[in-house]
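Visitor: Let me begin by handing over the structure; questions about it come next.
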Amino acid sequence: MLSPPFSFVMKTKKGYVAQVAEIAGCECMIPFKPELVIFDLDGTLVHFPHDYLFRETNRILEELTWPPVEEAVLEETFSLFDYFSFIEEDKRVRFQEHFWQAFDHKNYPAPVPFTGSVKCLQTLSDLGISIAIATARAYAEEELQAALAGTGILDFIDVLVPRRVQDRDWMDKSGQIQEICQRLDVSTKKSVMVGDIPPDITSASEAGVGFTVAVLSGGIREEILRRAAPDLVVENVDELINYFLSI
């Protein structure tokens, strides 16, 4: 992880090269001043509870009288964004359907913000940039607000859009992104998307978002994220503060 003072050169998919140096002389890689930044939630602004997912996985396997899977294997498949690959291919689709029906959503851990998440949101707010969340959680908006109460995150959020229950493809956020932009009357081209999984990036690109950022804080390997062609990859949202301050 790089921390200032630092200097490196990175070429983005848009073909320009930007040098990031000490904060005082930083040339930002974002080629426009964004009017809106859209964040994913779990793994991006708040910790994703890997341990809970893994416990639930083995609990559900036990209910099916299937053998347990070692945590190291689960962590490996998760990092490759191919979580259910530990299941035989011909059984995988049916298992996934059963898994999400049997998953204990009621006792899902309360969200815990990453260090720097609230500070990043406050920085954007101070700069006059609108902030939104597009999450794969299929909650009612009021339920999601209740879950985030006390985290400090809601103090800076202009629009919060969870996945609609009827949207079965939890990975496609293009509709949510378009809804956010319409509600805030902001062009997707003047927006930035920040997420921790490849579909966050591809959904944003398909929706016409002007700049995409992948964060490594969710646990997906960097090489997997880069296949989605984000404009920028950082360790966490805390690192983005310097980029926005340098616009």
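Visitor: From (1) touching a residue at least 40 places away in the same chain (Cβ under 8 Å); (2) under 20 Å from Val118 (Cα atoms); (3) surrounded by fewer than 24 Cβ atoms within 10 Å (Cβ to Cβ), pick out the condition that doesn't hold for Val161.
Guide: Exception for Val161: condition (1).
Visitor: Which members of the range 199-239 meet the condition of being surrounded by 24 or more Cβ atoms within 10 Å (Cβ to Cβ) and under 19 Å from Gln122 (Cα atoms)?
Guide: Within the range 199-239, Val213, Val215, Val237 qualify.
Visitor: So Asp196 clears everything in (1) within 19 Å of Val159 (Cα to Cα); (2) touching a residue at least 24 places away in the same chain (Cβ under 8 Å); (3) buried (at least 23 other Cβ atoms within 10 Å of the Cβ) except one condition, right? Which one?
Guide: With respect to (1) within 19 Å of Val159 (Cα to Cα); (2) touching a residue at least 24 places away in the same chain (Cβ under 8 Å); (3) buried (at least 23 other Cβ atoms within 10 Å of the Cβ), Asp196 is out only on (1).
Visitor: Is it fair to say Gly208 is in contact with a His (Cβ under 8 Å, 6 or more places away or on another chain) and either modelled with pLDDT of 95 or more or hydrophobic (A, V, I, L, M, F, W, C) (or both)?
Guide: For Gly208, the condition - in contact with a His (Cβ under 8 Å, 6 or more places away or on another chain) and either modelled with pLDDT of 95 or more or hydrophobic (A, V, I, L, M, F, W, C) (or both) - is not met.
Visitor: Quick check on my filter: what residues within the range 45-57 are in contact with an Asp or Glu (Cβ under 6 Å, 6 or more places away or on another chain) and closer than 11 Å to Gly219 by Cβ?
Guide: Passing the criteria: only Phe48.
Visitor: Sort through Ala138, Ala72, Ala102 and tell me the only one that's surrounded by fewer than 18 Cβ atoms within 10 Å (Cβ to Cβ), touching a residue at least 12 places away in the same chain (Cβ under 8 Å) and either over 29 Å from Gln182 (Cβ atoms) or acidic (Asp, Glu) (or both). Lay out the reasoning, then the answer.
Guide: Numbers: Ala138 fails: either over 29 Å from Gln182 (Cβ atoms) or acidic (Asp, Glu) (or both); Ala72 fails: touching a residue at least 12 places away in the same chain (Cβ under 8 Å).
Being surrounded by fewer than 18 Cβ atoms within 10 Å (Cβ to Cβ), touching a residue at least 12 places away in the same chain (Cβ under 8 Å) and either over 29 Å from Gln182 (Cβ atoms) or acidic (Asp, Glu) (or both) holds for just one of Ala138, Ala72, Ala102, which is Ala102.
Visitor: Out of the strands (runs of 3 or more DSSP E) lying entirely within the range 1-101, which hold 1 or more residues that are farther than 17 Å from Val192 by Cβ and modelled with pLDDT under 50?
Guide: The strands (runs of 3 or more DSSP E) meeting that bar are 8-11, 17-20.
Visitor: Has the range 174-191 got at least one residue that is of a type outside the set (A, V, I, L, M, F, W, C), more than 26 Å from Thr123 (Cα to Cα) and either surrounded by 23 or more Cβ atoms within 10 Å (Cβ to Cβ) or under 16 Å from the mean Cα position of the chain (by Cα) (or both)?
Guide: There is at least one residue in the range 174-191 that is of a type outside the set (A, V, I, L, M, F, W, C), more than 26 Å from Thr123 (Cα to Cα) and either surrounded by 23 or more Cβ atoms within 10 Å (Cβ to Cβ) or under 16 Å from the mean Cα position of the chain (by Cα) (or both).
Visitor: I'd like to verify a number: residues in the range 110-128 that are surrounded by 15 or more Cβ atoms within 10 Å (Cβ to Cβ), outside any helix (DSSP H, G or I) and either more than 14 Å from the chain's Cα centre (by Cα) or of a type in the set (S, T, N, Q) (or both), how many?
Guide: The qualifying residues number 1.
The values are calculated or read from the model by the stated rules, or taken from the named source; none is laboratory data. Source: prediction; values computed, not measured. As a convention, Cβ positions derive from the backbone with ideal geometry for all residues, glycine included, and neighbour counts pool all protein chains shown.
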